[in-house]
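Before any comments, here is the structure.
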Amino acid sequence: MCCGSKAAGTGERQRLVDRHERERQAVAELAELFETDRRISFYEGPALAALAVLAQSESAQLQHTAATAFSEVSEYDVRATGAEALGVMVGLLAAEQAETRQAAATALGNLATHAANRRAIVAAGGLAGLVRQLRAAAAGGGVGVAAVGCVTNLAADAENKEAVARSGAVEPLALLAQSRDARVQRNAAGALLNLTHGAEARAAVAAGGAVAALAALTDARDAETQHYALTALGNVAVDACGRDALWATPALPERLVLALRGRAQAAAARALRNLASDERFQAALVRAGALDALRPLLRASSSGLVAAAAACVRNLALHADNAAAVAEMAPELLPLVTKHAQPDAQCHAVAALRNAAVAAPAAAQSLAAAGLFACLDTALAATTTQPPTLAELAAALGAFALSDSLWRPVVELGLCARLVRLARAPPGPAARGACLALASLAARREPEVLEELLRLWRRGLRDCLAHALARPEHADQRAAVLWLARALLLSKRTDARRAVATDPELVAAIEALATPIGSRDPAPPVSLSDDDAAGEGDAPRVRALALQVVAAVQTAA
């Protein structure tokens, strides 16, 4: 036994000697490589082998040497890196010395600026070591700049977001966002922002205590940090659970309104826009002074800022209590309706005015007196108006057609003729919306409306119905024109009923839609009312409505 123990001790000493020799040679090789050829790759071949020897050493100093080498090399050499090299660096995240762990995190963070490395680092198990560093830093046990920066870069990859959220990184990131170190604060806000671009990760941010930390950064001294925080809050506001978390955050409306007057106005406006999709925030934001802060932004020189501000007003106008105040912004909103050089702002302005006019009769009267319908007519007549704005214009006139106080100007100012022209445009939301607006007007069965539609029957309205019914590419408009035909057939005007019922082309097209393909038997009727928008274009819904129109044709005939 004594001889055996002595032999074992000799063997262990020899292994130590061999290891130390390998480590000595590795240091010498690295020193020579650094001095003679900086073009060599340290992520493969002899250089990587030497660094791996040092990284696996029991000597904390040699581990630190390896981590520092990776950190320094990655400052000037960022490339797609193999799993072996990344594995060595990930292993160094568990080193005993904090300086070694930070150097490894720095190297991985630098390499994570290359898209090809992000998933590979996560696949190599890098998140666990990084999250340990985040937690230590959040608890006051380290600076954390490198780890936060690395997680920020990793979270930029779409497939990594959920993995980062599930790793437990959100809570320490929220704490680090409150750091006194501006770099840590900025990187933490950036990491949380990157996470909010994924649905599951966004929910984790909302539930992980990060919303309050981000809200506290809406007035950060660092402009980049402020921008990150505001954009992240806007992303969180996309989901209902996120808006619940935001609603529970003290003084958030006031913070956002204050940010509208600061350096990150566009980011604040986008965040406010998303929040204003929630009824709770619509009233709260206006009480906090949002409309007063948005008003000058509607005249800004930046088209992006104008569009963001108009989008905010669009959502705020949905609340009836805000309608009158939005109507007072007519001097800023109405010029945007005809400003074709800013199509996004133009689109949002039309919708804002529509929402306000529909929300409250007093607002409708105020806007009509301010020239709303003349602006709509000008925008519809212009050949430069873009399709999205045309769709909003058609939707606005459709909403006005349903309003007891707004349908009359649509007819009296000749906007029906504009709608007919738009309804004959190529298939799309604008043409479909125009058909729906005409159908909504016809459904009112007012004498003035029927008179105007009959006047336009041979000036394009009849052809509009024929084209939409007969051509497959007009599928989305079929339900709308069927509803229009039904409204005319059910009217008290004999000439309106006969215009549809005695037109063989229209009747044949309607009957064809009422009969399922390959069957002589019509589809069973489905109950529909005049209030049905009837615009989804799906075959069962169109067939059901076509059956009702066929019955109305038979009655009229």
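The values are calculated or read from the model by the stated rules, or taken from the named source; none is laboratory data. These numbers were taken from a predicted model, which means no experiment stands behind them. Positions of Cβ are backbone-derived with ideal geometry, glycine not excepted, and every protein chain shown enters the neighbour counts.
Descriptive notes on the structure:
- Scan of region 318-364 for residues that are within 17 Å of L376 (Cβ to Cβ) and in a loop (DSSP other than H, G, I, E, B), ordered by number: M329, T338, K339, H340, Q342
- Listed conditions (1) in contact with a helix residue (DSSP H, G or I) (Cβ under 8 Å, 6 or more places away or on another chain); (2) under 27 Å from D476 (Cβ atoms); (3) modelled with pLDDT under 95 are all met by A395, apart from (3).
- Among (1) over 23 Å from A188 (Cβ atoms); (2) of a type in the set (A, V, I, L, M); (3) not in a helix (DSSP H, G or I), the one test that L298 misses: (3)
- Among the residues listed as R354, R280, R314, R255, the single one being of a type in the set (K, R) and either surrounded by fewer than 21 Cβ atoms within 10 Å (Cβ to Cβ) or in contact with a strand residue (DSSP E or B) (Cβ under 6 Å, 6 or more places away or on another chain) (or both): R280
- Region 357-388 - residue that is of a type in the set (S, T, Y) and surrounded by fewer than 18 Cβ atoms within 10 Å (Cβ to Cβ) and, of those, farthest from A300 (Cα to Cα): T383
- Qualifying residue in region 101-111 (condition: touching a helix residue (DSSP H, G or I) at 6+ places or on another chain (Cβ under 9 Å) and not in a helix (DSSP H, G or I)): no
- The listed residues are L127, L93, L86, and the only one of them that is surrounded by 16 or more Cβ atoms within 10 Å (Cβ to Cβ) and touching a Lys or Arg at 6+ places or on another chain (Cβ under 6 Å) turns out to be L93.
- Selection of helices (runs of 4 or more DSSP H) fully inside region 143-220 by the criterion of at least 2 residues being among the charged types (D, E, K, R) and under 18 Å from the mean Cα position of the chain (by Cα) returns 161-166, 199-207.
- Boolean, R432 is crowded, with 19+ Cβ neighbours inside 10 Å, modelled with pLDDT under 95 and of a type in the set (K, R): yes
- Pair list, Cβ < 7 Å and 6+ apart or interchain, from region 447-473 residues that are in contact (Cβ under 8 Å) with a residue 24 or more places away in the chain to residues that are among the small types (G, A, S) and surrounded by fewer than 16 Cβ atoms within 10 Å (Cβ to Cβ): none
- L192 falls short on exactly one of the conditions (1) within 20 Å of A104 (Cα to Cα); (2) among the aliphatic types (A, V, I, L, M); (3) buried (at least 22 other Cβ atoms within 10 Å of the Cβ), and that condition is (1).
- Those residues of region 327-353 which are under 10 Å from L298 (Cβ atoms) and aliphatic (A, V, I, L, M), in sequence order: M329, L333, L336, A345, A349, A352
- In region 468-517, of all residues being crowded, with 23+ Cβ neighbours inside 10 Å and either in contact with a strand residue (DSSP E or B) (Cβ under 8 Å, 6 or more places away or on another chain) or charged (D, E, K, R) (or both), the one that is farthest from E452 (Cα to Cα) corresponds to R478.
- Filter result for T338 (in contact (Cβ under 8 Å) with a residue 40 or more places away in the chain and either of a type in the set (F, W, Y) or within 23 Å of A431 (Cβ to Cβ) (or both)): yes
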